[in-house]
Amino acid sequence: LVPAPWAGKDLWVKPESLQPIGSFKLRGGYYAIASLPPEHRAAGVIAHSSGNHAQAVAYAARAFGVPCVVVMPEVALPAKVAATEALGAKVVLVPPAQRAEVMADLARREGYAVIPPFDHPDVIAGQGTVGLEIAEDLSTVDVVLVPVGGGGLASGVASAVKALRPEAKVFGVEPALAGDARESLAAGRLVVWPTEQTYRTVADGLRTALSELTLAHLSARLDGIVTVSEEEILSTVGRLAREAHLVVEPSGAVCVAGYLHRRDELPPGRTVAVISGGNIDPALLPALASL
Ligand SMILES: Cc1ncc(COP(=O)(O)O)c(C=O)c1O
């Protein structure tokens, strides 16, 4: 944990942006692959992702010395394709709408194990180690803020924090433009927003809807969800660069943005904001650094 006195005397950040692949995704991908029966793992693993999950699965597969295929949309940023290939994965580029189908077909034909980005108990457990470390490092923590996309990270973190420190409050944070998790929790059922709507947020890791599994975790364990605006997310990326000296992608900045701008909706006390990733589009950073 890193204290963030520039934002508040009671704030610490958990900078997952400093992980070897630049995001927390390594934890869930690694644990899911580690948990496969060895003979299944040896056949190789497959995932579809255009973002941080792709690099997580590639990194973990390389660590286990097993083949890895990642199906990516042909519109993926060339830098992301290159980063995934550099970790030893074979990248298959397809039209975006065909990603799931191509992955399922390859998995069936080649016997690869599918590693989902969030909708799996082992992935959730792996992401939950973020929460274990927070509770171990700051045993008196009062409030934990965690980003919500598909909800795997928040499910794991809330489960771990509530197990080790039941009195702590855990709040999700998401962009207002992708506020479907907040609406799902309020409605008590899965509410999925159209992709035309959620794809407007700059926080590309948080555009996904929850699953039944993550909704069940979050309904049982989250104390609430706050939303932040695009301007708040972008200016927080700039402040993190200048004041915390951290390179943070928009999805990774939402919790600090929530702390800075939604204090009235959050409980007081010693607060940890999870910074979930640092893989920002290099073209975006210079403009934001001065915001
Ligand atoms: C940087 C970053 N933060 C947060 C998330 C959201 O994680 P989850 O889908 O487990 O809610 C993602 C997912 O891709 C991400 O890449």
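Remarks
- Dimensions (Å) - the stretch 236-275, Cα atoms, principal axes, largest first: 27, 16, 14
- Between helix 99-110 and the chain: long-axis angle, C-alpha atoms, 0 to 90°, nearest 10: 50 degrees
- Taking every alpha-carbon pair under 8 Å whose residues sit at least 6 apart, the stretch 213-291 reaches a relative contact order of 36 percent.
- Ranked by solvent-accessible area (1.4 Å probe, protein heavy atoms only, all chains present), the residues Y112, Y199, Y31 order from largest to smallest as Y199, Y31, Y112.
- Highest to lowest packing among 41-47, 250-256, scored as the average C-beta count within 10 Å: 250-256, 41-47
- Distant alpha-carbon pairs in the stretch 109-255 (separation over 18 angstrom), percent: 57 percent
- Area of R189 that stays accessible when all protein chains are in place (1.4 Å probe, Å², to 10): 140 Å²
- Distance between the stretch 15-36 and the stretch 93-136 - C-alpha centres, whole angstrom: 11 Å
- Over the stretch 76-162, accessible surface divided per residue gives 40 Å², non-protein components excluded, 1.4 Å probe.
- Carbon + sulfur, % of accessible area of the chain - ligands and nucleic acids excluded, 1.4 Å: 55 percent
- With contributions of -39500 (n - 2.57) from each DSSP H run of at least four residues, the per-residue ellipticity at 222 nm computed over the chain stands at -13000 deg cm²/dmol.
- Computed on the chain, with alpha-carbon pairs under 8 angstrom and 6+ residues apart, the relative contact order is 21 percent.
- Taking every lysine pair in the chain that is 8 or more places apart or spans two chains, those with Cα atoms closer than 20 Å amount to 7.
- C-alpha long axis of helix 250-261 to longest principal axis of the chain, angle in °: 10 degrees
- Gap separating the Cα centres of the stretch 263-287 and the stretch 192-212, nearest whole Å: 18 Å
- If both residues of a DSSP beta bridge must be in the chain, then about 10% of such bridges are antiparallel.
- Taking every alpha-carbon pair under 8 Å whose residues sit at least 6 apart, the stretch 177-219 reaches a relative contact order of 47 percent.
- The stretch 172-244 - accessible surface per residue (Å², probe 1.4 Å): 43 Å²
- The angle between the Cα long axis of helix 52-64 and the main principal axis of the chain comes to about 60°, on a 0 to 90 degree scale.
- P(r) tail, the chain: Cα-Cα pairs separated by more than 36 Å, 11% of all pairs.
The values are calculated or read from the model by the stated rules, or taken from the named source; none is laboratory data. Nothing here was measured: the structure is a model prediction, and the numbers come from that model. When we count neighbours, we look across all protein chains shown, and the Cβ atoms used for this are built from the backbone with ideal geometry, even at glycine. Note: areas computed on protein heavy atoms with side chains; ligands, DNA, RNA excluded. Shrake-Rupley method; radii C 1.70, N 1.55, O 1.52, S 1.80 Å.
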